[in-house]
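The values are calculated or read from the model by the stated rules, or taken from the named source; none is laboratory data. Bear in mind the structure is a predicted one, so any value in this text is a computation, not a measurement. In this analysis, Cβ positions are derived from the backbone assuming ideal geometry, glycine residues included, and neighbour counts consider all displayed protein chains. What goes into the accessible areas is simple: the full protein's heavy atoms, side chains included, and nothing from ligands, DNA or RNA. Shrake-Rupley method; radii C 1.70, N 1.55, O 1.52, S 1.80 Å.
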Amino acid sequence: MMDYLKRMPFTIVFIDQKGRTYQDSSEALNRYIERHPMAVPRLHQPHFAAKILEMAAHSCGMRVVRRLPDSRVKRELYYVVRNTMFQSEEAMWAFINNPDNLNIVR
């Protein structure tokens with residue numbers, strides 16, 4: 001299976017208790033994109049890729065959270081988060097903004 005997520009013009013970070021590796025977490029998203037071959041040639045376009053990623057994540061019980069660059073992270077990150085991972089938005093953002101977790105994605 002082709003890895004369509006690597007064609008997207010931004011960095012994707014998974015927060016997923018089901019997938020232990022990038023391949024585990026990205027498999028269902030790549031299958032979703034594979035079922036929509038007309039979308040593949042446009043995956044290099046930032047807005048289009050973000051929308052396809054959101055639709056794929058939603059169909060897989062996940063959601064996409066965009067984190068803009070700031071003084072701690074130099075590039076835009078798109079987190080794909082399993083819906084059951086956090087009890088609240090505050091807990092999710094606390095995890096994302098934790099300096100230890102930011103160092104992992106740098």
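Before moving on, here are some points about what is shown:
- All positions within the range 54-69 that are more than 12 Å from F14 (Cα to Cα) and outside any strand (DSSP E or B): E54, M55, A56, H58, S59, C60, G61, L68, P69
- The single condition from (1) out of contact with any helix residue (DSSP H, G or I) (no Cβ under 6 Å at 6 or more places or on another chain); (2) surrounded by fewer than 16 Cβ atoms within 10 Å (Cβ to Cβ); (3) touching a residue at least 40 places away in the same chain (Cβ under 8 Å) that V81 fails is (2).
- Which numbered condition R72 misses (of (1) surrounded by 11 or more Cβ atoms within 10 Å (Cβ to Cβ); (2) of a type outside the set (A, V, I, L, M, F, W, C); (3) in a loop (DSSP other than H, G, I, E, B); (4) in contact with a strand residue (DSSP E or B) (Cβ under 9 Å, 6 or more places away or on another chain)): (4)
- Annotation note: Cβ proximity below 7 Å between a residue of the range 10-22 that is free of Cβ contacts under 8 Å to residues at least 12 places away in the same chain and a residue that is among the polar types (S, T, N, Q) and assigned to a helix (DSSP H, G or I) (sequence gap 6+ or interchain) occurs for G19/S25.
- Single residue of the range 10-44 satisfying the filter (within 12 Å of the chain's Cα centre (by Cα) and part of a loop (DSSP other than H, G, I, E, B)) that is modelled with the highest pLDDT: F10
- Taken together, M38, M62, M55, M92 contain a single residue that is open to solvent by 30 Å² or more (accessible area, probe 1.4 Å), within 23 Å of T21 (Cα to Cα) and of a type in the set (A, V, I, L, M), which is M55.
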